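Trainee: This structure is in structure tokens; I'll ask about it shortly.
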Amino acid sequence: MSKKRPHREDYSPSYSNLDPIKKSHHPPNLSPRRAEYVAIRGALDRNHHQFQQPQMGKRPTFASYIDTPNLPLKIKLLCEIIATTLSSSVEKVLDETGIMVSQDDVEQVLKLSYEYPGPAVKFFRWSGLQLNDKHSPYAWNLVVDLLGKNCLFDAMWDALKSMKKEGLLSLATFASVFSSYVSADRVQEAIMSFEVMDQYGVSRDVVALNSLLSAICRDGKTLQAKEFLSIARDTIRPDADTYAILLEGWENAGDVASARKTFAEMVTDIGWDPGNVPAYDSFLTTLLRGPEGMRETLKFFETMRDRRCYPGIKFFKVALEDCARNSDVRVAELLWESMVGKNDCRPDTEMYNLLIGLHMYLKDTERARKLLDDMVYYGAFPNSQTYNLMFQFLLKGRKLKEASPIFSEMIKNECAPNHENCCTAIRVYIDNGDPYMAIKIWKWMIDNYKSDVEEIGNFLVVGLRDLKRVPEAVKYAKDMIDRGIKLNSSTLSKLKQSLSKAGKGPVYDELLRKWKTR
């Protein structure tokens, strides 16, 4: 087996020429903008040799068999052969293995061989002999995608031609073509591919249009997508998904002005549709991150709500984060009531935590507790962050009657109090004359935190001594020594004073011996 790593130049296509893209005949009553596009397309056709040449732009990152855990041995071996063998030798090496493959094996190997397009195509051809040329449509689509993502567009179109003969082409195939051209910064070729797809037996309808626009917008080229839509709409009427794709593109670009224009066009073109959640979601999220922020966002939100049109969970979460940052409980509750109370939106635990934290910050313990109790009815469950938020603010507000059951509940639900809250709780309970809860928290703490407990342990011992709980202070001082937790000399000195005063010098002597031996 040759172990030389194959290079791109090792790839020689097994097909002859790129499938020619001919000019199509257009009806005489083309709109001016449509005619302009046809002229652009004609120019590209006349320079078709440029369309054929691979052009390596930004280098994508591909999945590798090396980084994929638990691969079957057969798949790993096939991937390794592809990765370490020259294209010219791949089929011979594969023959020598004696391995038999299934359609599923071919698909798995191709998914992990994008880095080596030449050997991967040779493997595809070799495996076809075993499968009587009955590759799955998915395997063919992987080959098209693999070639396209490596900018081997000649071979990609040859594969498309072969798929056409087999009747295997689908919109998914062309979606891959669109994506490959756009990621290579060749948007016009992606548009040309859309224009000729009906010649390959795939409908050039609004679903196909949306697939093209999605590929363009995902690559951050929403302006080009919008420009093409203004031409394509002469023959294909946009739908709700069309506008949702554009609005998501403007959201990713942070272009508030363009988002407003597209939203206005959408409402004019297709009206208000309660099912068009992704479009409302992206539009409001864009506004929220814009210069006018929540003020403008609320105006549009209320307009939508009046028409029973609501955004989705993405906007809701971003809006709650904004409210939490600005301590705006009024807007947070308005959104919560609209989205959860009227629209039956299901907030997740993170969103509950945001609102609970906001109410706790504003000392509205009762509302925060109600939210905590309501969570399970909406399919969300409190986690450690939920309980720690509640516990933290209750301790800060010295609301110890409410804090104690929260601690018990979180332990019961296996949600660990964090180290900081444990230390704060022990201090607060000791300062407020409640040694029982301080001891309860300390016992849990030393069982679950194996470090950074020395300072709070010494504080507890001295605190118990100050509360006239000298026997408990001695007990936990001994326990600290037994556990290897350092007992400070100042703590020992204070215990000595109390024990001597109580006439219990021998108890101190025993404690001192234990302390010295450790």
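The values are calculated or read from the model by the stated rules, or taken from the named source; none is laboratory data. Not measured: the values here are computed from a predicted model. Cβ: placed from backbone, ideal geometry, glycine included. Neighbour counts: every protein chain shown. Surface areas here come from the heavy atoms of the whole protein model, side chains and all, with no ligands, DNA or RNA. Shrake-Rupley method; radii C 1.70, N 1.55, O 1.52, S 1.80 Å.
Trainee: Does any residue in the range 96-107 that is in contact (Cβ under 8 Å) with a residue 24 or more places away in the chain and closer than 11 Å to Q130 by Cβ come within less than 9 Å, Cβ to Cβ, of a residue that is open to solvent by 80 Å² or more (accessible area, probe 1.4 Å) and assigned to a loop (DSSP other than H, G, I, E, B) six or more places away or on a different chain, and which pairs are these?
Mentor: Final answer for the pair search is Q103/K134.
Trainee: Scan the helices (runs of 4 or more DSSP H) fully inside the range 40-114 and keep the ones with 2 or more residues being at pLDDT 90 or above and surrounded by 15 or more Cβ atoms within 10 Å (Cβ to Cβ).
Mentor: Where helices (runs of 4 or more DSSP H) fall fully within the range 40-114 and carry at least 2 residues being at pLDDT 90 or above and surrounded by 15 or more Cβ atoms within 10 Å (Cβ to Cβ), they are 73-84, 87-97, 103-111.
For every residue, the table says whether it meets (1) closer than 18 Å to F315 by Cβ; (2) of a type in the set (A, V, I, L, M).
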site: L335; (1), (2): yes, yes
site: G341; (1), (2): yes, no
site: L355; (1), (2): yes, yes
site: L362; (1), (2): no, yes
site: L371; (1), (2): no, yes
site: P382; (1), (2): no, no
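Trainee: Hey, among the residues in the range 330-356 that are open to solvent by less than 30 Å² (accessible area, probe 1.4 Å) and small (G, A, S), which one's farthest from S384 (Cα to Cα)?
Mentor: Residue satisfying both the conditions and the ranking: S338.
Trainee: If only one of I406, I411, I441 is closer than 24 Å to L362 by Cα and among the aliphatic types (A, V, I, L, M), which one is it? Walk me through it before giving the result.
Mentor: On the way: I411 fails: closer than 24 Å to L362 by Cα; I441 fails: closer than 24 Å to L362 by Cα.
Going through I406, I411, I441 in turn, just one is closer than 24 Å to L362 by Cα and among the aliphatic types (A, V, I, L, M): I406.
Trainee: So if I check each of A403, A416, which one is without any contact (Cβ under 8 Å) to a residue 60 or more places away in the chain, aliphatic (A, V, I, L, M) and surrounded by 22 or more Cβ atoms within 10 Å (Cβ to Cβ)? Talk me through it step by step, then tell me what you get.
Mentor: On the way: A416 fails: surrounded by 22 or more Cβ atoms within 10 Å (Cβ to Cβ).
Criteria check complete, one pass: A403.
Trainee: Something else about it: Looking only at the range 369-413, how many residues end up being small (G, A, S) and under 15 Å from E350 (Cα atoms)?
Mentor: The initial filter retains those residues of the range 369-413 that are small (G, A, S), namely 379-380, 384, 397, 403-404, 408.
Imposing the further condition that a residue be under 15 Å from E350 (Cα atoms) reduces the set to 379-380, 384.
Of the residues in that region, 3 qualify.
Trainee: If you scan the range 357-388, which residues turn out to be open to solvent by 30 Å² or more (accessible area, probe 1.4 Å), in contact (Cβ under 8 Å) with a residue 12 or more places away in the chain and either in a helix (DSSP H, G or I) or in contact with a strand residue (DSSP E or B) (Cβ under 9 Å, 6 or more places away or on another chain) (or both)?
Mentor: Y361, R369, Y378, S384, Q385
Trainee: Let me confirm something: among S282, S327, which residue is out of contact with any Gly (no Cβ under 8 Å at 6 or more places or on another chain) and open to solvent by 20 Å² or more (accessible area, probe 1.4 Å)?
Mentor: Details: S282 fails: open to solvent by 20 Å² or more (accessible area, probe 1.4 Å).
From the options S282, S327, the qualifying one is S327.
Trainee: Looking at the range 182-215, which of its residues are open to solvent by 20 Å² or more (accessible area, probe 1.4 Å) and among the basic types (K, R)? Give the steps one after another, and end with the answer.
Mentor: Start the filter on the range 182-215 by keeping residues that are open to solvent by 20 Å² or more (accessible area, probe 1.4 Å), which leaves 183, 185, 188-189, 198-199, 201, 203-207, 211, 214.
Within the range 182-215, just R204 meets the criteria.
Trainee: Mind checking whether some residue in the range 293-313 is more than 21 Å from E337 (Cα to Cα), open to solvent by 10 Å² or more (accessible area, probe 1.4 Å) and free of Cβ contacts under 8 Å to residues at least 60 places away in the same chain? If you could, list the steps in order and put the result at the bottom.
Mentor: Taking the range 293-313 first, the residues more than 21 Å from E337 (Cα to Cα) are none.
No, there is no match, as no residue in the range 293-313 is more than 21 Å from E337 (Cα to Cα), open to solvent by 10 Å² or more (accessible area, probe 1.4 Å) and free of Cβ contacts under 8 Å to residues at least 60 places away in the same chain.
Trainee: Another question about this same structure. From the residues in the range 216-273 that are in contact with a Cys (Cβ under 6 Å, 6 or more places away or on another chain) and either in a helix (DSSP H, G or I) or at pLDDT below 95 (or both), which one is most open to solvent (accessible area, probe 1.4 Å)?
Mentor: Filtering the range 216-273 down to residues in contact with a Cys (Cβ under 6 Å, 6 or more places away or on another chain) leaves 225, 245, 249, 272.
Next, only the ones that are either in a helix (DSSP H, G or I) or at pLDDT below 95 (or both) stay: 225, 245, 249.
Values: A225: 0, I245: 31, G249: 4 Å².
Selected residue: I245.
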